[in-house]
Amino acid sequence: MERQQGRIVKALGGFYYVEAEGSLLECRARGLFRRQETSPLVGDLAVVEPTGEGTGYVVELLPRKNALVRPPLANLDQLFLVCSVFDPAPNLFVLDKLIAVAEHKGIAPLIVFTKTDLTEGTELSALYREAGFPVFEVSSLTGEGVGPVKAALTGRLSAFCGNSGVGKSSLLNCIDPRLALPTADISRKLGRGRHTTRHVQLYHVEGGLVADTPGFSSMELERYEVILKDELQECFREFAPYREKCRFTGCSHTREKGCAVLEAVTRGEIAPSRHESYTALYEAAKNIREWELKRTAGREARP
């Protein structure tokens, strides 16, 4: 049978489900990917070789514009970074790390504050809007604020990312009830959500493709996504107008006298919490060893 080109929309148990020419094929990957030290990802554009009765083999992956290890996705246009304003309490460091990873990968970050029926998220929203990000405030319980999120999905390949319990699946169900994604209450003992999403899958929603992904922690982010200290400042977009005004070249923007970024923080033009996150990430990045970079590159090839 003739080869076809399509997109991988689900990966589960060693099988890759590829939408190609109006049908869904259940595929295995050819052994050549192991030799190339890579692995197909959900979101990949792939060439498949049908074998009949809805099955086939993935024989080639087309070039990716980006890829994430966790969640294991490729070719994303945008990441909806979901953070609850209450229960669980917002963790701004985790949110800032997620934003930095998206910026580093060339994926547009959009920020969603959920559970606004429980408490207001106005101050948080203002903080990130002033930093230059699209921000949405939503309540999946009442449906308030969901419309603008829905509109932003059109024609894009998107993922919803955030810690467990922040309401990603609930939000997607509110956007499109036909999805009927499983949800779970917050674990009172642990203070976080139970994992309810067991694999990554793309869904057709509002003229775009959306991935619901398992919740993940800051520990996993540190483990899987590495940003070098010299590249980190470019992942904080509000630093851009000030970086070239620093007194010294090679300024780390952490403690130097005459640093224009630090002066902007003092004047309130850059949020102190954002700079604190940057400094913490910078200090961690200083300790990254070359073998860690190689290990991370291997994980990206073989999530």
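The values are calculated or read from the model by the stated rules, or taken from the named source; none is laboratory data. As the structure is a prediction and not an experimental result, all values here were calculated from the model. When we count neighbours, we look across all protein chains shown, and the Cβ atoms used for this are built from the backbone with ideal geometry, even at glycine. Surface areas here come from the heavy atoms of the whole protein model, side chains and all, with no ligands, DNA or RNA. Shrake-Rupley method; radii C 1.70, N 1.55, O 1.52, S 1.80 Å.
Using a 4.7 Å cut-off between beta carbons, which cysteines in the chain end up with no partner cysteine at all?
CYS27, CYS83, CYS161, CYS174, CYS235, CYS259
Give me the aspartates and glutamates in straight-line cross-link reach of LYS65: C-alpha distance below 17 Å, same-chain residues under 8 apart excluded.
Within the straight-line limit of under 17 Å, LYS65 reaches these aspartates and glutamates: ASP44, ASP77, GLU103, GLU225, GLU300.
Select from VAL205, VAL58, VAL265 the residue whose mean-square fluctuation is largest in a Gaussian network model of the chain (Cα-Cα springs shorter than 10 Å).
Maximum fluctuation in the GNM of the chain, among the listed residues, is at VAL265.
Output the direction-averaged projected area (hull surface divided by four) of the convex hull of the alpha-carbon atoms of region 39-108, in nm².
6.5
Along the positive direction of the dipole of region 55-152 (beta-carbon charges: Lys, Arg +1; Asp, Glu -1; about the Cα centre), which of PRO90, PHE133, VAL58 reaches farthest?
VAL58
Given the Cα-Cα distance of ARG237 and ALA285 and 0.36 nm per residue of separation, how much length would full extension add, in nm?
15.5 nm
Taking a probe of 1.4 angstrom, what is the accessible area of LEU24 in Å², to the nearest 10?
Looks like 100 Å² after rounding.
Filter LYS10/LYS115; LYS105/LYS229; LYS97/LYS229; LYS115/LYS168 down to the pairs with a C-alpha to C-alpha distance above 19 Å, please.
Pairs exceeding the cut-off: LYS10/LYS115.
I'm a student and want to see the number: the projected area of the Cα convex hull of region 88-149, averaged over all directions, in nm².
Details: hull surface 17.6 nm².
Averaged projected hull area, Cα only: 4.4 nm².
If packing is taken as the average count of other Cβ atoms within 10 Å, what order do 162-173, 145-156 fall into, highest mean first?
The packing order, highest mean first, is 162-173, 145-156.
Within a Cβ distance under 13 Å of GLY155, other residues only, what is the Lys/Arg minus Asp/Glu net charge?
So the environment of GLY155 carries a net charge of 0.
For the chain, set up a GNM with springs between Cα atoms under 10 Å and report which of GLN201, GLN36, GLN78 has the largest fluctuation.
In the Gaussian network model the winner is GLN36.
Pairs of alpha-carbon atoms within less than 8 angstrom and 6+ residues apart define the contacts here; what relative contact order does the chain have, in percent? Before the final figure, lay out each step's value.
On the way: 583 pairs, mean separation 49.0, N = 303.
Result for the chain is 16 percent.
Find the centroid of the Cα atoms in region 1-44 and in region 217-288, then give the distance between the two in whole Å.
So the two Cα centres are separated by 39 Å.
Could you state, as a whole-number percent, how many of the C-alpha pairs of the chain are farther apart than 30 Å?
Cα-Cα pairs of the chain separated by over 30 Å account for 37 percent.
Restricting attention to region 21-63, which trypsin sites (Lys or Arg not before Pro) occupy a DSSP loop and are surrounded by at most 16 other Cβ atoms within 10 Å?
ARG30
Which of rounded, prolate, oblate describes region 39-172, given a ≥ b ≥ c as roots of the alpha-carbon gyration tensor eigenvalues and a/c under 1.5 marking rounded, otherwise prolate only if a/b is larger than b/c?
It is prolate, given that a/c is not under 1.5 and a/b is the larger ratio.
For the chain, give the magnitude of the charge dipole about the Cα centre (Cβ charges: +1 Lys/Arg, -1 Asp/Glu; no others), in debye to the nearest 20.
On the way: 39 positive and 39 negative charges, 172 e Å.
With Lys and Arg at +1 and Asp and Glu at -1, about 820 debye.
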